[in-house]
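*Asks:* Below you'll find the structure I mean.
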Amino acid sequence: MDLRELERDNTGRCRLNSAVPAVCRQEPCVLGVDEAGRGPVLGPMVYAVCYCPLSRLADLEALKVADSKTLSENERERLFAKMEEDRDFVGWALDVLSPNLISTSMLGRVKYNLNSLSHDTAAGLIQYALDQGVNVTQVFVDTVGMPETYQARLQQRFPGIDVTVKAKADALYPVVSAASICAKVARDQAVKHWQFLERLEDLDTDYGSGYPNDPKTKAWLRKHIEPVFGFPQFVRFSWRTAQTILEKEAEGVIWEDSEAAAPEGPGRITSYFLQEEPQNRPRGPHRYFQERGLEAATNL
């Protein structure tokens, strides 16, 4: 799997895909959706779709694909290589979401939780397959959250497709198992070859499992925290584990407005625009206004 595009820029998201087999444009296809790396505090989350014609589903099953969590890394690599050999009827696409994108989404002014991000990414990959000309007629998805709600949402977006959302779909449907393998292989390679933007001294690449409750992962976080700037972008700083370590190990921050005395009670909105008595105004304009050359207006 070629992840050079991700290695060039791992701060946002990266979409990768195989060539679309000609038969997948001509015949009705089944498509599976699964992810890898939803829970870890380290590294990206990868969503994947895998698809093949309904007439060749038995051939996909013959590869002995299974839930990626039940397979060793070598077994996953071997099965992915087999799918690549069968590129005349099997196709796939990935969306790799960086830790930075996940955390900034979750901690933005408008909250974008992990479930919503997951749902939208899955729907985006289904749409991507359709846009590439894949003749998708059936979709199977490993659920995130309540399967009934998730299925209804996808069915509404793709009314011409038969959508099934189930818990443990990666163990029930071979096409979802294949997607699971694609996602896990991509995440494993992304973590193994992660390009750190930060200059880290004595970088330890033994991260443990990457899950928040892993003592080795916690030790890695403590070792590589920067007292002022926090963690490298390899870390999902929106995770509670990372936040707890930041609170204990990093320096406290006093924002420039913190010491300014706030007026008692709510002020009038016009006080932000009109010249009023000095006691009701903050001590000097905020840097936001200074940098933009903005001044208080006396007349509106």
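*Asks:* Among (1) in a loop (DSSP other than H, G, I, E, B); (2) farther than 23 Å from S68 by Cα; (3) touching a residue at least 24 places away in the same chain (Cβ under 8 Å), which single condition is L154 missing?
*Replies:* Exception for L154: condition (1).
*Asks:* Consider region 126-157. How many of its residues are of a type in the set (A, V, I, L, M, F, W, C), open to solvent by 30 Å² or more (accessible area, probe 1.4 Å) and closer than 16 Å to R25 by Cα?
*Replies:* Residues meeting the conditions: 1.
*Asks:* Look through V49, V30, V96, V20 and report the one residue that is part of a loop (DSSP other than H, G, I, E, B) and in the same structural domain as A179 (by the TED database).
*Replies:* Unique residue meeting the criteria: V20.
*Asks:* Still on this model: What do you reckon, is S103 open to solvent by less than 10 Å² (accessible area, probe 1.4 Å), at pLDDT below 95, in contact with a Ser or Thr (Cβ under 7 Å, 6 or more places away or on another chain) and under 29 Å from Q155 (Cα atoms)?
*Replies:* For S103, the condition - open to solvent by less than 10 Å² (accessible area, probe 1.4 Å), at pLDDT below 95, in contact with a Ser or Thr (Cβ under 7 Å, 6 or more places away or on another chain) and under 29 Å from Q155 (Cα atoms) - is met.
*Asks:* List the residue pairs whose Cβ atoms are under 9 Å apart, where the first residue sits in region 197-223 and is closer than 19 Å to N100 by Cβ, the second is of a type in the set (A, V, I, L, M, F, W, C) and open to solvent by 100 Å² or more (accessible area, probe 1.4 Å), and the two are 6 or more positions apart or on different chains.
*Replies:* So the pair list comes out as E198/F229.
Conditions (1) closer than 18 Å to P44 by Cβ; (2) surrounded by 20 or more Cβ atoms within 10 Å (Cβ to Cβ), marked per residue:
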{"residue": "K168", "(1), (2)": "no, no"}
{"residue": "P174", "(1), (2)": "no, yes"}
{"residue": "R187", "(1), (2)": "yes, yes"}
{"residue": "D202", "(1), (2)": "no, no"}
{"residue": "A242", "(1), (2)": "yes, yes"}
{"residue": "E251", "(1), (2)": "no, no"}
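*Asks:* Also, I was wondering about something else. Could you go through region 56-69 and let me know if any residue there is open to solvent by less than 40 Å² (accessible area, probe 1.4 Å), at pLDDT below 95 and either of a type in the set (D, E, K, R) or at positive phi (or both).
*Replies:* Among the residues of region 56-69, at least one is open to solvent by less than 40 Å² (accessible area, probe 1.4 Å), at pLDDT below 95 and either of a type in the set (D, E, K, R) or at positive phi (or both), which makes the answer yes.
The values are calculated or read from the model by the stated rules, or taken from the named source; none is laboratory data. Everything quoted here is computed from the prediction, not taken from an experiment. Positions of Cβ are generated from backbone atoms using ideal geometry, with glycine treated the same way; all protein chains shown enter the neighbour counts. Each accessible area value is taken on the protein alone, full model and side chains, heavy atoms only, with ligands, DNA and RNA left out. Shrake-Rupley method; radii C 1.70, N 1.55, O 1.52, S 1.80 Å.
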